[in-house]
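These notes are about the structure you will find just below.
The values are calculated or read from the model by the stated rules, or taken from the named source; none is laboratory data. Model, not experiment: these values are computed from the prediction. Cβ atoms come from the backbone with ideal geometry, glycine included; neighbour counts cover every protein chain shown. SASA here: full protein model, heavy atoms, side chains in, ligands and nucleic acids out. Shrake-Rupley method; radii C 1.70, N 1.55, O 1.52, S 1.80 Å.
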Amino acid sequence: MSRFDEAKKIYASLGVDAQKAIETVGSVPISIHCWQGDDVVGFDSRESLSGGIQTTGNYPGKATTPEQLMADIDKAFSMIPGAKKLNLHACYAIFEDGEFADRDKIGPKHFKKWVDFANERGWGLDFNPTLFSHPMVKDNLTLSSPDPATRAFWIEHCKRCIEISNYFAEATGKPCVMNIWIPDGYKDIPADRLGPRMRFAASLDEILKTPYDKEKVYITLESKVFGIGLEAYTVGSSEFTLGYAASRGITPLMDNGHYHPTEMVSDKISSLLCYHEKIGLHITRPMRWDSDHVVLFDDETREIAKEIVRNGALERTFISTDYFDASINRICAWVTGVRNVRKALLFALLQPDDKMKALQDNAEFSELMTLCERMKTAPFGDVWNEYLAREGLGDDYFEEIRAYEKDVLLKR
Ligand code: RNT
Ligand code: ZN
C-alpha cells in the first residue's frame, strides 16, 4: 500500500476525504506578486523604494529588465503547483523605443507585453496602482495630500489603473482584482486626523467614478496600521478602509502584516464575511513589524487557510501573496512562500470541520482540543507529497533553484 493510501485510510477514520482535498486544492487561484523578483523596484522610475515599506538584503541576481523578471517568474511559477494569477504593480509598465509615460499618463499599451505573457500561459492578471517611489509623493502623502495638484496626479493615476484593470480582465477573459494601497501618514502625532481621511475618501470617490465592468474588475482597498517613518498615524487605517469599502460597495483587503502583533487576520475573516460577498487577502509574514518575510507553513498561515475553507469562502476570497525578501535567492523566496500558502490550504481541506463545529456547539471543548491536536500530526506530508507528485513536482526543489542561480542569476 502506498503512503498516500495509508494516509487516506487514517484521514477517513478521522472523517476526512483526502482524495477530495487533493482534487480541490489545486483549483484555488493564488495571485502571486511580481515584486518579489526585483525588490519592489519596477521599470518606471529610478526612485528608491519609499512609502514606509522596505526590502533588506542584497542577494545577487535581481531581475532588472522585463525579460529577466519574466524569465524568473516562469522559473518560479513552474515550481509552484496549482492555479495561478500574476499580480502586477503599475510601476512595472513596459516602455518601448525610448518612450516614457509618467504614472498619470500610463495606459493599457504599456502592459500589452504582460497580457501576452499571461495569455500564453493561461494565467489571469491582477493589478495595483503604485502610490510610492515617485517624486509626486509629497511629504509622504498622495490621495490624502492637502495639495490639490498632488491629489489630482494620484487620482488620475488610479483612474488609469482602473482602465488598465478593465483591459486585463477583457484581454485575459479572467476577472482582475485591483488593489488600492496608499502609504499616506505621519511620523509623529498629527494635529488633524480627520482632514486627511476626508480627503482620502473624496479622492477615492472621484476615482470610483471611472467606468468599469463590476462583473470582471474588483476594486479592493487595503488598510495599514503604520509604516517606517509613518509610525504615529496612517490615513488608510483598518476602521477607515472597512467603513469606506462597506459604504461604497467595494472589497476590503487585509494584509496580515498590517495589524498590531496580537491582532490576527485569521480572527477577522469571519467578521468581514458577514458583510461582504468578496474579501481580499495579502498573505505575508510579519516579523516584529511589517517586515514581509517569506510565508512559512506556520500557525497563522494555517489558521487563515482554515477560516477560508471551513467558512466555505474559497470562492469569496481573493488570495494573494505580498512579501519581499532581498536577502535570499528570490526564486526560492517565491516558490517557498507560495507553496506554503497552497500547503496551508491543503491542510485546511483536511480538517474534519463538521465534527469540530459540532463539538464546539455541544460545548465538548476537551474533545475538540484533543481532536485539533491529533490533526496536527495526522500524515499530512504524505498527502502533500501525493498532490505534488500528481502535479509532476517534488518536495525537494532546492537543487533546481541552485542550478538556476548558477546558470542564470549569477551571470547577470
Ligand atoms: C504595503 C502593502 C502593499 C505593498 C505592495 C507592494 O505595506 O502591503 O500591499 O506591499 O503594494
Ligand atoms: Zn500588502
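Data overview
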{"read-out": "Members of region 365-391 that are free of Cβ contacts under 8 Å to residues at least 40 places away in the same chain and either open to solvent by 90 Å² or more (accessible area, probe 1.4 Å) or more than 21 Å from Glu6 (Cα to Cα) (or both)", "value": "Phe365, Ser366, Glu367, Leu368, Met369, Thr370, Glu373, Lys376, Thr377"}
{"read-out": "Looking only at region 214-231, and only at residues there that are closer than 12 Å to Cys176 by Cβ, open to solvent by less than 70 Å² (accessible area, probe 1.4 Å) and in contact with a Pro (Cβ under 9 Å, 6 or more places away or on another chain), the one that is farthest from ligand 2 (Cβ to nearest atom)", "value": "Val217"}
{"read-out": "In region 177-233, residue farthest from the chain's Cα centre (by Cα) [restricted to those that are part of a loop (DSSP other than H, G, I, E, B) and among the hydroxyl-bearing types (Ser, Thr, Tyr)]", "value": "Thr210"}
{"read-out": "Sole residue being open to solvent by less than 20 Å² (accessible area, probe 1.4 Å), under 20 Å from Val295 (Cα atoms) and either in a helix (DSSP H, G or I) or within 16 Å of ligand 2 (Cβ to nearest atom) (or both), chosen from Ile32, Ile80, Ile22", "value": "Ile32"}
{"read-out": "Residues of region 144-173 satisfying the condition of being surrounded by 24 or more Cβ atoms within 10 Å (Cβ to Cβ), within 15 Å of ligand 1 (Cβ to nearest atom) and not hydrophobic (A, V, I, L, M, F, W, C)", "value": "Ser165"}
{"read-out": "Region 180-238, residues that are acidic (Asp, Glu), free of Cβ contacts under 8 Å to residues at least 60 places away in the same chain and touching a strand residue (DSSP E or B) at 6+ places or on another chain (Cβ under 9 Å)", "value": "Asp184, Asp188, Glu231"}
{"read-out": "Single match in Val16, Val41 (criterion: touching a helix residue (DSSP H, G or I) at 6+ places or on another chain (Cβ under 9 Å), farther than 25 Å from Val408 by Cβ and in a loop (DSSP other than H, G, I, E, B))", "value": "Val16"}
{"read-out": "Residue that is surrounded by the most Cβ atoms within 10 Å (Cβ to Cβ) [pool: residues in region 174-204 that are touching a Phe, Trp or Tyr at 6+ places or on another chain (Cβ under 9 Å) and of a type in the set (Asp, Glu)]", "value": "Asp184"}
